[in-house]
Amino acid sequence: MIKVEVGLNHFLVVSVALFSLGLYGVVTRKNAVMVLMGVELILNSANINFVAFSKFGNFGIDGQLYALFVIILAAAEAAIALAIVLNIYKRFANVNVDEINNLKE
């Protein structure tokens, strides 16, 4: 039986993959909900880094506390952003971010 140790590099690779997918989602998607999902992926990649450096570095529990703080901020951000998206959909019947350019009216 082969025993594989999961090291810091494994966490960093997963984090980079999540960050890349999130950035791709934010840049290429027109739907506001999909953009929010991309932002959530980026925040989760940051959380993986916080926890990984907390485990493999000598940072104690600080990384996990920062990750918990980021999770709380992400939940609040998602709630507020979804409320904004719902109001935009209610007014314009569309949530494409490039087509809604008359919010200043």
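The values are calculated or read from the model by the stated rules, or taken from the named source; none is laboratory data. These figures come from a predicted structure and were not determined experimentally. Here Cβ is always computed from backbone atoms with ideal geometry, including for glycine, and neighbour counts include all displayed protein chains. These accessible areas exclude ligands, DNA and RNA; they are computed on the full protein's heavy atoms, side chains included. Shrake-Rupley method; radii C 1.70, N 1.55, O 1.52, S 1.80 Å.
Quick one: would you say F59 is within 29 Å of F11 (Cβ to Cβ), open to solvent by 50 Å² or more (accessible area, probe 1.4 Å) and without any contact (Cβ under 8 Å) to a residue 40 or more places away in the chain? Yes: the conditions hold for F59. Figure legend. Inter-residue proximity from the range 17-34: first residues over 26 Å from F92 (Cα atoms), second residues assigned to a helix (DSSP H, G or I) and hydroxyl-bearing (S, T, Y), beta-carbon distance below 6 Å, spacing 6+ or different chains. Indicated pairs: L18/S45; F19/S45. Considering each residue of the range 26-38 in turn, at least one proves to be touching a helix residue (DSSP H, G or I) at 6+ places or on another chain (Cβ under 8 Å), assigned to a loop (DSSP other than H, G, I, E, B) and either surrounded by fewer than 16 Cβ atoms within 10 Å (Cβ to Cβ) or modelled with pLDDT under 95 (or both). Annotation note: of F69, F59, the sole residue that is in a helix (DSSP H, G or I) and not aliphatic (A, V, I, L, M) is F69.
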